[in-house]
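K.L.:
First the structure, then my questions, so here it is.
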Amino acid sequence: MAIITEQEQEPDQQQQHQPKQPPKTTPTQPPNQLSFWLYFTLPISLLTLYYLFTSSSTPSPQTSFLNLPTTLRQHYSNGRFIKLQTHPNQQPINLFTFQPPPTTPTPSETVLILHGQALSSYSYRNLAESLCTLGVRVIAIDLPGYGFSDKSVEVSADGFDGFFGRVSYVYSEIKEKGFFWAFDQIVETGQIPYEEVLKRMSERKVSKPIDLGLEEIGKVLGEVVGALGLAPVHLVLHDLALGFSANWVSENSDLVSSLTLIDTGTKNSGAFPVWVLEVPVIREVVLGFPSVFAKVVGFCCSKRIGGLEGDANRVLLKSGDGRKAVVAIGKNLNSSFDLAEWGGSDGLKDKPVQVIWSSDWSEEWSREGKRVAGALPQAKFVTHSGGRWAQEDVAVEIAEKISQFVLSLPKTVRKVEEESPIPDYIQKKLDEANSDVGHDHHHGHGHDRIAEDPIHEVGYMNAYGLGH
């Protein structure tokens, strides 16, 4: 007979006294709504933690404006905005213009200044004011994506779908409504806001940095010249402004009285190294620390620009989507641009041209200036004592050279108003105003205002989203 020990009996007795466990069941598939929300739990949590550590709140337009350097706020207050339509299916773009008042009653010549890479009209304010004292009318603009002009546009989010697009949208919802927004919805309604999120995702608009090609930049220049009645105009092109506008100039040479090229890079290599705005970590350091940005400018652009003047350029690049827009537009430059072929084209071979070049930057840069002048046999070649960004430290010197050149040419005969092209969207407003002129007693003087001023000039505070 087998002897059963006490230790062997104990497990059997324990099994007899334990209640029977219910049969195991296969877990059911979670609802689609729950799967949808859990799908984003990890990435959204990581993004939210990053957001909490990097920025506690998005500054209001008022705060952003008041945080600008005093010189930038003053420049902003002295400018005006005009609306331009670069794409028929997108919202108009606000373009910033700076026009100091002329010192003479009726200046005979008009100069339009186009800025270079990573610059804006702010860098030419001293040059513009100096030219005005010499009897020249001057307009400087910020191309879209630069300075105070619009740096982004709202587009349909259809092209931004996919996993990362959805994560980005939910992240924006958390930034706007708070981290526990979805959980509050569950407590209040008992349901995850799945349908609401999907609906809003299908209807949403996203902000996209402006990315203009050369044809679109040409359209901007054409609308500016036509809307402000500048044609024919004396163009002053600095740095990569020649690359931005070369196609438009050759196609519209009848709208140009003369060309002045100031330290124009012809190899898609402007003074400022745009690659530092593209490389992660490096771009954050360069734009995040004024001293680092000043060293980059001193090494590549001008040794005499620093302090508050140089830091204003950093602030404008850092604001909004400025950095992304500058990088994107810079990539659209024509890498096969031939200066000699361009200057010898039918519309430009007899056009008055002046080349103003730095003689104090480097031997290599001086040789580049002679090469540029050699490619344009009709060009007058003069030098200045500043750096490649010369507008701040030698503005008076350059203004004298520009005014002497412009005023030495035959007096410009302004084109009649009918010859100036009117953009389609402006003509549409004019037609609407004329058709509704009989209904002014219902609408006040709104249509009269549009008819008299089809180019909408945004006020000082209103343009920055601050109201009147």
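The values are calculated or read from the model by the stated rules, or taken from the named source; none is laboratory data. None of these values were measured; they are calculated from a predicted model. For neighbour counting, all protein chains shown are included, and Cβ atoms are generated from backbone atoms with ideal geometry for every residue, glycine included. Only protein heavy atoms, including side chains, enter the accessible area calculation; ligands, DNA and RNA are left aside. Shrake-Rupley method; radii C 1.70, N 1.55, O 1.52, S 1.80 Å.
K.L.:
Which residues, counting only those in region 296-340, are touching a Lys or Arg at 6+ places or on another chain (Cβ under 9 Å), closer than 23 Å to VAL220 by Cβ, among the polar types (S, T, N, Q) and crowded, with 16+ Cβ neighbours inside 10 Å?
P.N.:
SER319
K.L.:
Within the set of pairs 6+ apart or on separate chains, which have a first residue in region 122-138 that is of a type in the set (A, V, I, L, M, F, W, C) and open to solvent by 10 Å² or more (accessible area, probe 1.4 Å), a second that is in a loop (DSSP other than H, G, I, E, B) and at pLDDT 95 or above, and C-beta atoms under 8 Å apart?
P.N.:
Nothing qualifies.
K.L.:
Quick check on my filter: what residues within region 354-395 are open to solvent by 10 Å² or more (accessible area, probe 1.4 Å), closer than 26 Å to SER250 by Cβ and either touching a Gly at 6+ places or on another chain (Cβ under 7 Å) or among the small types (Gly, Ala, Ser) (or both)?
P.N.:
Across region 354-395, the qualifying residues are ALA373, GLY374, ALA375, ALA379.
K.L.:
Follow-up. Kindly indicate the residue of region 252-295 that is open to solvent by less than 60 Å² (accessible area, probe 1.4 Å), assigned to a helix (DSSP H, G or I) and small (Gly, Ala, Ser) and also farthest from ARG314 (Cα to Cα) among those meeting that condition.
P.N.:
SER253
K.L.:
Mind checking which residues of region 112-143 are over 20 Å from ALA271 (Cα atoms) and not basic (Lys, Arg)?
P.N.:
Within region 112-143, LEU112, ALA128, GLU129, SER130, LEU131, CYS132, THR133, LEU134, GLY135, VAL136, VAL138, ILE139 qualify.
K.L.:
Out of SER336, SER366, I need the residue that is out of contact with any helix residue (DSSP H, G or I) (no Cβ under 6 Å at 6 or more places or on another chain), assigned to a helix (DSSP H, G or I) and either without any contact (Cβ under 8 Å) to a residue 60 or more places away in the chain or β-branched (Val, Ile, Thr) (or both). Which one?
P.N.:
Every option except SER366 fails the conditions.
K.L.:
When region 79-98 is examined, which residues are found to be open to solvent by 80 Å² or more (accessible area, probe 1.4 Å) and polar (S, T, N, Q)?
P.N.:
Passing the criteria: only ASN89.
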